[in-house]
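For reference, the structure discussed in these notes is given below.
Any read-out appearing in this document is the output of simple, stated calculations on the displayed coordinates, not a laboratory observation. All values derive from a computational prediction rather than experimental measurement. Methodologically, a virtual Cβ is constructed for each residue, glycine included, from the backbone with ideal geometry; neighbour enumeration extends over all protein chains shown.
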Amino acid sequence: MSLAATREFADCDEVLSGATAQGCTQALQATYQGGGVAGQFVIFNLGDGRAADALVAALRTDGFVRQDITFEAVGSRAQARAMGHYVTVSWVGGAVPAEDLVTALVALDGLGKVVQGRIIAAV
């Protein structure tokens, strides 16, 4: 996959559907496509670790990120995780075998190293 677009949001709820991000000050979104797969990676900057944990919990039950690039959501793969006061969401889909979606998901999730680096630098 290659980068298709990037967006920055001051209102984090613009990126969400069915969930809210209390205390979120910024969301960054990147969309990718290629090879029959498309996906997106979103970073939310929240006030603290509790807010990050609450958003991840809400994404499991109440809603998810809005789909900003076209792919079949049925059979797609996603991962949301809290890292300090950040939340990262990776989501991929496409008309490819499940193992190819997992490979694409792992690649997108690797973008979270930016967040990991900031957390380690702050310690």
- For Val74, the lone unmet condition from (1) without any contact (Cβ under 8 Å) to a residue 24 or more places away in the chain; (2) in a loop (DSSP other than H, G, I, E, B); (3) over 21 Å from Ala98 (Cα atoms) is (3)
- Query: From the residues in the stretch 64-123 that are over 17 Å from Arg7 (Cα atoms) and polar (S, T, N, Q), which one is surrounded by the most Cβ atoms within 10 Å (Cβ to Cβ)?
  - Reply: Ser76
- Message: Looking at (1) touching a Lys or Arg at 6+ places or on another chain (Cβ under 9 Å); (2) more than 17 Å from Val114 (Cβ to Cβ), which one does Glu99 not meet, given that it meets all the others?
- Response: (1)
- Message: Given the options Asp13, Asp53, Asp62, Asp68, name the one that is free of Cβ contacts under 8 Å to residues at least 12 places away in the same chain and not hydroxyl-bearing (Ser, Thr, Tyr).
- Response: Asp13
